[in-house]
Amino acid sequence: MDQLFTTYLGDLLAGLWMTVRLTAVAFAGSLVLGTVVAAFRVSPVAPLRALGRFYVELFVNIPLISLLVVVTFGLPDVGVTFDLFTCAAISMVLLGAAFTCEAIRSGVNAVPVGQVEAGRAVGLDFFGVLRHVLFPQAFRSVVQPIVNVFIGILLSSSLAGVIGVKDLTLQVSEINNKAALGLTTYLLAAFAYIVIALLAGGLGSRLEQRLKVLR
Amino acid sequence: MSTQDSLFDVAGPRARRRIRIATLVSLLVIAAVAALVVLRFAQAGQLAADRWAEFTQGPYLLFLLAGLGNTAVAAAASAVLALPLGLLLALGRLSKGGILRRVCTVWIECFRSVPLLLVVYIFVSGLPQYGINPDIFWKLVIPITLCSSAVMAEIFRAGITALPSGQAEAGLSIGLSGGQVTRAIVLPQAIRIVVPSMVAQLVVLVKDTTLGYAVSYPELMKTSNNLTAYTNHLIQTYLIIAAVYVVTNVLISHFARWLESRFSGRSARLGRSAVGAGIG
């Protein structure tokens, strides 16, 4: 126990910082790319729609480890190399965007059709409907699914350790390979993940409350 | 008609022309990107036939099939264990007993928020320090069971709460006990509702087994890794394996969607958002 705090605390904190950084980068990237893919999926241009569908089908169904391995160890074969953090971030964004796209779409489709039709009936144009009718309501129903995506990305960041990114999970594993500290380090790490997930969940609920309208 | 469809007018002549141009341009861009990728592969000599030919040879295929078999066994074992555990956790969380409910809630919330890999590492190098050292298969399956039971519990709970409360009330009013209502009225309907979501959850289980790569359980991912150590054809092997996973999971989720359309009605409302996104 003492050994944990004298020798390995720095490693643990470095791992935590890496996990937070990776999650933040991957989440931000997923939001941006996921919105683009969602726009593709509803666009009137058929090839873009097909591309969007293909993208989501592909990346919702591919295991992250498999993608990590392709990006990290496969791509150098065709002369494309990134550093490990970038490899992990790219893979996580590719996957996260697919889930974000689905979350956004489910949010948009949760708005009753009649709302949009009513907006158009009073003469709002496309962007008017988006701004005044659709987005305010879709935001509300999209908060919880997006929080779920965030937590999913947080948990999946642990897989980056498989390709050697020293995130919290890998640090814990390595510390235990050097010194048998029992379950303490694992439980500390688990606690850190749970706290981050709970914070995200709480933030999401508050945001949802704030956006809620009473009908 | 869904909300996203009703956003657009039926396109007029000018809009149709614009859409046609955009279609052409996007097709060209997609084709150009695809051509670039192929070119890149060709320049690096990765398209050479002998680098791909091994995947048509019996011994290689058998080797990978054995891996796929182990993947299926691990996923199936996890599903068989996690389903009843998830159901019990859901019933516990919905029960009126104070302590039981709290224990189940804490269990579910904790295992939903902890990365599977961390739990796997606990079984691989944490618990052996206390003399608990099961077979490598169980070091993979038990963590998957623990983590996915929490998610399945939430699916079951969503299914149970999706039932109109009149169902249980009607049962109680004709004199059934609480347990009888659960067994005879609530569960049969709730399980029907959640079947599609449960099948969709199999996709997550298949993905979870890829952690065998980290603990050296010889499922498909680890097997392909072993194969590349022998052939050195990294990108070919990993791309083909990724394709195998995608095809497997697409088949499972299409089956789930087909079930959903057969059980149409209530199950559709559960959707994917009822539970955490299965990224990983």
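The values are calculated or read from the model by the stated rules, or taken from the named source; none is laboratory data. For clarity, every value in this text was computed on a predicted model and none was experimentally measured. Positions of Cβ are backbone-derived with ideal geometry, glycine not excepted, and every protein chain shown enters the neighbour counts. Note: accessible area is taken over every heavy atom of the protein model, side chains too, but ligands, DNA and RNA are not part of it. Shrake-Rupley method; radii C 1.70, N 1.55, O 1.52, S 1.80 Å.
When only DSSP loop residues count, what chymotrypsin sites (Phe, Trp or Tyr not before Pro) in the stretch A:87-152 have their Cβ near at most 15 other Cβ atoms within 10 Å?
none
Rounded to a whole number, what % of the accessible area of the protein assembly as shown do carbon and sulfur atoms account for, probe 1.4 Å?
Roughly 68 percent, rounded to a whole number.
Gaussian network model of chain B, Cα springs within a sub-10 Å range: biggest mean-square fluctuation belongs to which of B:Ser26, B:Ser113, B:Ser261?
Greatest mean-square fluctuation among the candidates belongs to B:Ser26.
So which lysines can A:Lys166 reach, going by Cα to Cα under 18 Å and dropping same-chain residues fewer than 8 places off?
A:Lys178
Give the residue list of trypsin sites (Lys or Arg not before Pro) in the stretch B:95-126 that are DSSP loop and have at most 12 other beta-carbon atoms within 10 angstrom.
The qualifying sites are B:Lys96.
Can you pull out the buried accessible area for chains B and A, both sides counted, probe 1.4 Å, rounded to the nearest 100 Å²?
Buried area (both sides, nearest 100 Å²): 5500 Å².
In degrees from 0 to 90, rounded to the nearest 10, what is the angle of the helix A:84-110 Cα long axis to the longest principal axis of chain A?
Result, in degrees: 30.
Compute the Cα gyration tensor for the protein assembly as shown, then decide on rounded, prolate or oblate, letting a ≥ b ≥ c be the square roots of its eigenvalues: rounded whenever a/c is under 1.5, prolate when a/b is larger than b/c in the other cases, and oblate in all that remain.
Cα axes put the protein assembly as shown in the oblate bin.
Averaged per residue, what accessible area in Å² does the protein assembly as shown show with a 1.4 Å probe, protein chains only?
Working: 23460 Å² over 495 residues.
For the protein assembly as shown, the solvent-accessible area averages 47 Å² per residue.
Taking square-rooted eigenvalues a ≥ b ≥ c of the alpha carbon gyration tensor, is the stretch A:1-112 rounded, prolate or oblate, where a/c under 1.5 means rounded and, failing that, a/b exceeding b/c means prolate?
Here the stretch A:1-112 falls in the oblate category.
Using DSSP H assignments, which helices in chain B have an axial alpha-carbon span of 20 Å or above and a mean Kyte-Doolittle hydropathy of -1.0 or higher? Spell out each step's value before the answer.
Working: long enough: B:13-43 (44 Å, 1.14); B:58-94 (52 Å, 1.64); B:98-112 (21 Å, 0.67); B:136-162 (39 Å, 1.40); B:187-209 (30 Å, 1.20); B:234-262 (42 Å, 1.00).
Going by DSSP H runs, the hits are B:13-43, B:58-94, B:98-112, B:136-162, B:187-209, B:234-262.
Before rounding to the nearest 500, sum -39500 (n - 2.57) across all DSSP H runs of length at least 4 in chain A and divide by the residue total; then give [θ] at 222 nm in deg cm²/dmol.
On the way: 8 runs with 153 residues, N = 215.
That calculation yields -24500 deg cm²/dmol at 222 nm.
Given a 1.4 Å probe and the protein chains all in place, what does the accessible area of B:Arg93 round to, in Å² to the nearest 10?
40
On full extension of the chain, what length is gained from B:Gln43 through B:Leu100, given 0.36 nm per residue of separation minus the C-alpha to C-alpha distance?
Roughly 14.2 nm would be gained on extension.
Just reorder B:His233, B:His254 by solvent-accessible area, largest first, 1.4 Å probe, all chains present.
Solvent-accessible surface, decreasing: B:His254, B:His233.
Name the residues of the stretch B:69-115, by number, that are at least 30 Å² less accessible with every protein chain in place than in the isolated chain; the surface is that of heavy atoms, probe 1.4 Å, without ligands or nucleic acids.
Hits at the 30 Å² cut-off: B:Arg112, B:Ser113, B:Val114, B:Pro115.
List the lysines whose Cα lies under 17 Å from the Cα of B:Lys207, skipping any in the same chain that are fewer than 8 positions away.
Within the straight-line limit of under 17 Å, B:Lys207 reaches these lysines: B:Lys139, B:Lys222.
With n ≥ 4 as the cut-off for DSSP H runs, can you work out [θ] at 222 nm for chain B, using -39500 (n - 2.57) per run divided by the number of residues, rounded to the nearest 500?
So the helix-based figure for chain B works out to -24500 deg cm²/dmol.
As an exercise, use a Förster radius of 25 Å and the Cβ-Cβ distance of A:Gln209 and B:Ala162 to find the FRET efficiency, rounded to the nearest 0.05.
Working from the Cβ atoms, E equals 0.65.
Considering only A:Leu203, A:Leu68, A:Leu170, give the residue with the highest GNM mean-square fluctuation for chain A, with springs between Cα atoms whenever their separation is below 10 Å.
It is A:Leu203.
Please state the equivalent ellipsoid semi-axes for chain B: what are the square roots of 5 times the Cα gyration tensor eigenvalues, largest first, in whole Å?
Values for chain B, descending: 41, 32, 15 Å.
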